[in-house]
């Protein structure tokens, strides 16, 4: 009988299979779909020491089913679905994917920046919905700008934000960033980013790209005040969590022409409601919260979970721990 037990909430069965092969016979792995309700499906597994994937353990009631629980390991960068304060009080640690999907999110972020700034959806709509081609397409040239030479402000220069910065260096952009974390001069130089305060970033950037965790300090970090101070030609890109942006304020800023556009992988309410005023705008590019999805990202995230499982079995300190804020 295995000494340790983990519940793995998978998107695809191969994820749990990869995890099980990686941790070996000392750990029993119970594989459940990520849509499972632990209050129902977790019953009968009180010896569980680790929960991996899905939305993690989202309630105190679910945690109480597992008196031996030591670690909640998400396969995403975000851990906002886990009640971290309550878990900490129970001695349960919470870890994220340690940048497992950072490349995937960074790539989609750059795609959102280019699509929004170059207004590619306007051209797509002209061709696909209006059947217009060549000289007949939208010719309001004042709306189309090159990204090269523009100032990009990155809010959060962590695993994802730093990779966005490095990729935009190839576009010859000026990169500035704001972050509550302190980084070394070497880290900043590798990212090609210069630190400024958040107000300066908001007031001077042509592109503002958000890469912060969702917690009490970052909820609605952009609201009416911030939109009112942005350049009228600026765009906002959000590929972290929807509530980081005050959505009602964003809609007002778009309606009033305070900003030029938005590229969003996330919204306040998900799935997005079909009555949402962000839909069907030619200056908004919307994706269904899929920026972090790639085969490579999932493999790296599972492998990072395997590494933490091995640390658990060896009594070593975990990596990727997220503290309650």
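The values are calculated or read from the model by the stated rules, or taken from the named source; none is laboratory data. None of the values given here were measured: they were computed from a predicted structure. Glycine also receives a Cβ, built like all others from the backbone with ideal geometry; neighbour counts cover every protein chain displayed.
Residues that are touching a helix residue (DSSP H, G or I) at 6+ places or on another chain (Cβ under 7 Å) and either at positive phi or not in a loop (DSSP other than H, G, I, E, B) (or both) within region 163-193 comprise 163, 164, 165, 166, 167, 168, 175, 176, 177, 178, 191, 192, listed in sequence order. A single member of 222, 264 is buried (at least 22 other Cβ atoms within 10 Å of the Cβ), closer than 25 Å to residue 122 by Cα and at pLDDT 95 or above, and it is 264.
Within the set 132, 94, 108, the sole residue that is in contact with a helix residue (DSSP H, G or I) (Cβ under 9 Å, 6 or more places away or on another chain) and modelled with pLDDT of 95 or more turns out to be 94.
The helices (runs of 4 or more DSSP H) found wholly in region 209-325 and carrying at least 2 residues that are within 21 Å of residue 76 (Cβ to Cβ), in contact (Cβ under 8 Å) with a residue 60 or more places away in the chain and out of contact with any strand residue (DSSP E or B) (no Cβ under 9 Å at 6 or more places or on another chain) occupy 295-314. Among the residues in region 29-43, are any in contact with a helix residue (DSSP H, G or I) (Cβ under 8 Å, 6 or more places away or on another chain), closer than 30 Å to residue 172 by Cα and in contact (Cβ under 8 Å) with a residue 12 or more places away in the chain? No, region 29-43 contains no residue that is in contact with a helix residue (DSSP H, G or I) (Cβ under 8 Å, 6 or more places away or on another chain), closer than 30 Å to residue 172 by Cα and in contact (Cβ under 8 Å) with a residue 12 or more places away in the chain.
Within region 297-316, not a single residue is within 17 Å of residue 232 (Cβ to Cβ) and crowded, with 18+ Cβ neighbours inside 10 Å. Sort through 180, 207, 196 and tell me the only one that's at pLDDT 95 or above, closer than 23 Å to residue 118 by Cα and in the same structural domain as residue 262 (by TED's automatic domain parsing). After ruling out the rest, the residue left standing is 207. As a summary of the residue check, residue 132 satisfies the conditions (1) surrounded by 13 or more Cβ atoms within 10 Å (Cβ to Cβ); (2) in a helix (DSSP H, G or I) except for the one numbered (2).
Residue count for region 229-255 satisfying the condition of being more than 13 Å from the chain's Cα centre (by Cα) and over 24 Å from residue 147 (Cβ atoms): 7.
For region 71-95, enumerate the residues that are touching a residue at least 60 places away in the same chain (Cβ under 8 Å) and within 25 Å of residue 286 (Cβ to Cβ). Within region 71-95, 75, 76, 77, 78, 79, 80 qualify.
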